[in-house]
Each structure stands twice: as C-alpha cells, then as structure tokens.
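Notes to accompany the following structure.
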Amino acid sequence: MNITWFGHSAFLITTNENLRILIDPFISNNPVSPVTVEELYADVILVTHGHQDHFGDTMELANRTGALVVSNHEISVYLSKQGFETLGMNMGGTVNVQDIKITMVNSLHSSDMDFLEEVNAGGSSAGFILELENGRKIYHAGDTGIFSDMRYVINHIYNPDIALLPIGDRYTMGPVEAAIAAEWINPEKIIPMHYNTFPAIEQNALEYSDMVRKSNRDVEVVILEPGESYQE
C-alpha cells in the first residue's frame with residue numbers, strides 16, 4: 001500500500017491490488033502540488049465536501065479516467081446530472097468498491113459547492129474510513145474541527161491504523177487540537193495535511209509532531225513533503 005500526498009488534502013492511495021483511490025483532488029490550482037492533473041490516474045475519487053480546494057479537479061479527472069466518484073448524496077446528484085458515474089452515500093454508511101470498504105463519517109465543517117458561479121448547497125462535509133484488502137484502515141478526516149466522535153466513534157468503532165489529519169488552523173483544527181485528536185483516535189501513524197498551502201494556514205509540522213510525541217508516544221507522525229509517499 002502506498003499513500004502519496006500532493007499537498008493540501010489531496011492524496012493518492014494505491015492498494016496492494018493496485019486500485020488507485022484519489023481523495024480531494026485539488027491539483028491544478030494547488031500552489032504546492034508537484035504534479036499536473038494530466039499526470040494522474042484514478043479508479044475511484046473520494047470527495048469529502050463541496051469547497052473548490054477539495055472538489056478541485058474531480059470532473060476533469062473523472063471525465064478522462066472514467067473514475068467512479070464517491071461523495072455525499074448532494075454532490076453525487078450534481079455530478080450524476082453532469083453525466084458522471086457516482087456512488088452517493090451519507091454519514092455512517094458503508095459501500096464496497098471492489099475489495100475496499102468505504103465508510104462515511106462526520107466532520108465539523110461547511111460544504112457548499114463554492115466552485116459554481118452561484119454557490120449551491122453541497123450537503124454535509126465528511127471524512128472517510130477506508131478498509132483495504134489486507135484489513136488496514138485509513139481515516140481521512142476531511143476538513144474538520146476537533147469533535148468527540150473522534151474518541152467515541154472513530155477510535156472505538158473503526159480503530160484506524162493511519163489517520164490523515166488537518167493541522168492548518170483557521171479553517172480546520174490547528175496543531176493543538178490535532179494533537180488532542182491524535183490522543184483520542186490513537187492510530188499507529190498520523191500524516192498531517194491541510195497546512196502550508198496558503199499563508200493563512202502556515203504551520204510547522206515538526207512542532208506538531210513534538211506535541212503528539214509528548215501526549216502519546218505510541219503514535220508516529222509521518223511528515224511528507226508534497227509529492228512524497230508513505231509505503232508499507
């Protein structure tokens with residue numbers, strides 16, 4: 001399994017069976033992305049919410065690659081009307097794509113589709129739990145503040161091995177809250193995201209790593225630069 005970060009909240013997860021899952025593909029307008037949209041291929045695209053810095057290049061990629069788009073019901077309806085293959089779902093639901101289980105979980109954030117000329121309601125923002133073919137679980141938190149589900153639902157029910165958590169502050173939780181979230185979720189590894197894309201969300205990931213280490217030495221923070229990968 002390989003997890004590649006393209007900056008912001010955009011990740012490509014390539015499973016052991018070579019299924020390519022692209023999450024929040026904000027690429028072409030992402031100032032830190034080291035790749036172009038034309039270089040990417042996906043079998044499945046997951047969209048956590050309707051903001052343009054997460055919805056990103058979903059339609060261009062789905063049109064070129066034929067990828068299935070998994071999102072909340074409202075975004076799925078919008079994309080279906082544009083002719084794309086979608087799989088709409090909602091909080092607490094699980095769908096199977098090949099041998100991967102995808103569960104939609106809560107996040108604390110807004111989700112209007114602000115990439116449209118007239119902003120439309122985009123349903124609720126979400127996170128995803130991916131259970132891969134080998135049983136490993138990855139939690140992509142989406143844009144979110146800290147909330148008690150991280151302790152009582154994400155940890156106790158889903159128990160992810162790897163958590164992708166925002167640390168940028170202002171629009172999501174910052175490093176202090178994300179360090180508490182690390183304690184609550186208690187994964188093996190955390191990959192920080194949604195920081196240093198723009199000046200408003202500049203953070204020092206090493207300082208975040210130190211905070212996590214002080215509160216939970218069993219959790220390893222894996223700091224990636226855009227374009228770098230974590231592999232296991």
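Does the stretch 168-182 contain any residue that is part of a loop (DSSP other than H, G, I, E, B) and among the aromatic types (Phe, Trp, Tyr)?
Within the stretch 168-182, one or more residues are part of a loop (DSSP other than H, G, I, E, B) and among the aromatic types (Phe, Trp, Tyr).
For residues in the stretch 149-197 being of a type in the set (Ser, Thr, Tyr) and touching a residue at least 24 places away in the same chain (Cβ under 8 Å), which is farthest from residue 56 (Cα to Cα)?
Step by step, filter the stretch 149-197, then rank; the result is 158.
Of the residues that make up the stretch 194-207, is at least one closer than 18 Å to residue 128 by Cβ, at pLDDT 95 or above and not in a strand (DSSP E or B)?
yes
May I ask you to say which residue of 141, 121 is at pLDDT below 95, within 17 Å of residue 47 (Cα to Cα), in contact with a Gly (Cβ under 9 Å, 6 or more places away or on another chain) and of a type in the set (A, V, I, L, M)?
Result: 121 is the single residue among 141, 121 that is at pLDDT below 95, within 17 Å of residue 47 (Cα to Cα), in contact with a Gly (Cβ under 9 Å, 6 or more places away or on another chain) and of a type in the set (A, V, I, L, M).
Scanning the stretch 8-30 for residues that are touching a Gly at 6+ places or on another chain (Cβ under 8 Å) and not β-branched (Val, Ile, Thr), which turns out nearest to residue 50 (Cα to Cα)?
The selected residue is 24.
Only one of (1) on the phi > 0 side of the Ramachandran plot; (2) touching a residue at least 24 places away in the same chain (Cβ under 8 Å) fails for residue 18. Which number is that?
Unmet for residue 18, out of (1) on the phi > 0 side of the Ramachandran plot; (2) touching a residue at least 24 places away in the same chain (Cβ under 8 Å): (2).
Restricting to the stretch 146-175, what's the tally of residues that are over 26 Å from residue 44 (Cα atoms) and surrounded by fewer than 16 Cβ atoms within 10 Å (Cβ to Cβ)?
Of the residues in the stretch 146-175, 4 are over 26 Å from residue 44 (Cα atoms) and surrounded by fewer than 16 Cβ atoms within 10 Å (Cβ to Cβ).
Scan the stretch 167-184 and tell me whether some residue there is within 17 Å of the chain's Cα centre (by Cα) and of a type in the set (Asp, Glu).
There is at least one residue in the stretch 167-184 that is within 17 Å of the chain's Cα centre (by Cα) and of a type in the set (Asp, Glu).
Please pick out the residue among 70, 95, 32 that is surrounded by 15 or more Cβ atoms within 10 Å (Cβ to Cβ), within 16 Å of residue 140 (Cβ to Cβ), in contact (Cβ under 8 Å) with a residue 24 or more places away in the chain and not polar (S, T, N, Q).
Going through 70, 95, 32 in turn, just one is surrounded by 15 or more Cβ atoms within 10 Å (Cβ to Cβ), within 16 Å of residue 140 (Cβ to Cβ), in contact (Cβ under 8 Å) with a residue 24 or more places away in the chain and not polar (S, T, N, Q): 70.
The values are calculated or read from the model by the stated rules, or taken from the named source; none is laboratory data. Worth saying up front: this structure is predicted, and the values here are computed from it rather than measured. Virtual Cβ from ideal backbone geometry, glycine too; neighbours counted across all protein chains shown.
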